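Novice: Got a structure for you, written out below as structure tokens; questions coming shortly.
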Amino acid sequence: MSVFTTVTPDELAPFLKRYSIGQLVELKGIAAGVTNTNYFVTTTHGRYVLTLFETLQAEELPFYVNLLAHLAHHGIAVAAPIANLDDQYIDTLNGRPTLLVTCVPGGVAETPNEAQCAQVGEMLAQMHLASRSYGGYMKNPRGVQWWADTAAAVDEFLAPADAALLRAEVALQQSQDYRSLPAGVVHADLFRDNVLMDGDRVGGFIDFYYACNDALLYDVAIALNDWCALADGEIDPVRARALLRGYQGVRPFVAEEIAAWPVMLRGAALRFWTSRLLDFYKPAAGEMTFAKDPTHFQRVIQQHTGRQDFWLN
């Protein structure tokens, strides 16, 4: 989440008249993330999050917005979309397509504990099951080909050893065939800052704008690589086993997923190594934005390489 497009209270007030959520009390920009503009909107009825989409067009949004509504309908802890008085979820403000969602309880768990990791794993599995009845489909726009293209685009900025490692990891993922793995709708960005924890309970999953159809195992690997990683890229085995225990208590891995797990962990790390390299060396213009450390996921990959214990037992 971030702020690229400025919205003032005077601009927001007439916009809110198209909704049944009361009068504006406070408007506050959210300074985190790298893709969309986000504000906390407090009204006389409660607190909401307003998103202005910087890259996605209105016609591209129904997959994501209807997914949120679908998951909320099935009891998954997500920020539910709010319809305007014309019964439309998607609106427009300052030339950008917009969405209002409920503000779910809790805060970001910067240093998650074992119980929180278990709850995230459990809710992620429930989300995967609930999304099976969702009719929308979105090909992953940041799949293996995007990793390869992005790696090529940043190659010139890297030290020779780092560039060689990046090329080798891309080649490894290009050699894999994940088509036999169980697939469905995945969040694809379930980092700590995209989950609000209400104590040890999941208050809500947020920021679904990388959601797509892909291998379910990929979603688990993305979550584990962030929720269970230490600063040096090492994985905390206690947290990792808790997250996997929570997940597999709802949806156990099949044999093909267990076999693919070690390489999938590296693929999930490569996805964010490449995207952070792009943000770092070729950042988008915007106010209140920041680029995250790309070397973190390089270290995660290096820690996964040659590992024997992948926390499945």
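The values are calculated or read from the model by the stated rules, or taken from the named source; none is laboratory data. What you are looking at is a predicted structure, and each value in this text was computed from that prediction instead of being measured. Heads up, the Cβs are rebuilt from the backbone with ideal geometry, glycines too, and the neighbour counts pull from every protein chain shown. Note: accessible area is taken over every heavy atom of the protein model, side chains too, but ligands, DNA and RNA are not part of it. Shrake-Rupley method; radii C 1.70, N 1.55, O 1.52, S 1.80 Å.
Novice: Of the numbered conditions (1) of a type in the set (A, V, I, L, M); (2) free of Cβ contacts under 8 Å to residues at least 60 places away in the same chain; (3) surrounded by 21 or more Cβ atoms within 10 Å (Cβ to Cβ), A171 satisfies every one except a single condition; which is it?
Specialist: So the condition that A171 fails would be (3).
Novice: In addition: Of all residues in region 38-59 being among the β-branched types (V, I, T) and free of Cβ contacts under 8 Å to residues at least 24 places away in the same chain, which is surrounded by the most Cβ atoms within 10 Å (Cβ to Cβ)?
Specialist: Restricting attention to region 38-59, the residues satisfying the condition of being among the β-branched types (V, I, T) are 41-44, 49, 51, 55.
Then keep just the ones that are free of Cβ contacts under 8 Å to residues at least 24 places away in the same chain; that gives 42, 44, 55.
Working: T42: 16, T44: 9, T55: 10.
This residue is T42.
Novice: Something else about it: Failed condition for V34, given (1) under 28 Å from V186 (Cβ atoms); (2) modelled with pLDDT of 95 or more; (3) not hydroxyl-bearing (S, T, Y), with all others met?
Specialist: Condition (2) is where V34 drops out.
Novice: Still on this structure, I have one more. Residues in region 60-72: is at least one modelled with pLDDT under 95 and open to solvent by 60 Å² or more (accessible area, probe 1.4 Å)?
Specialist: yes
Novice: Would you mind finding the one in T35, T98 that is touching an Asp or Glu at 6+ places or on another chain (Cβ under 7 Å), assigned to a loop (DSSP other than H, G, I, E, B) and surrounded by 20 or more Cβ atoms within 10 Å (Cβ to Cβ)?
Specialist: Of T35, T98, the one residue that is touching an Asp or Glu at 6+ places or on another chain (Cβ under 7 Å), assigned to a loop (DSSP other than H, G, I, E, B) and surrounded by 20 or more Cβ atoms within 10 Å (Cβ to Cβ) is T35.
Novice: May I ask you to list the residues in region 293-311 that are open to solvent by 50 Å² or more (accessible area, probe 1.4 Å) and within 18 Å of the chain's Cα centre (by Cα)?
Specialist: D293
Novice: Return the total of residues in region 118-168 being of a type outside the set (F, W, Y), in contact with an Asp or Glu (Cβ under 9 Å, 6 or more places away or on another chain) and open to solvent by less than 30 Å² (accessible area, probe 1.4 Å).
Specialist: Count: 9.
Novice: Mind checking which helices (runs of 4 or more DSSP H) fall wholly inside region 194-283 and carry at least 2 residues that are closer than 24 Å to A31 by Cβ and open to solvent by 20 Å² or more (accessible area, probe 1.4 Å)? Reasoning before the result, please.
Specialist: Working: elements: 216-227, 237-248, 255-281.
Where helices (runs of 4 or more DSSP H) fall fully within region 194-283 and carry at least 2 residues being closer than 24 Å to A31 by Cβ and open to solvent by 20 Å² or more (accessible area, probe 1.4 Å), they are 255-281.
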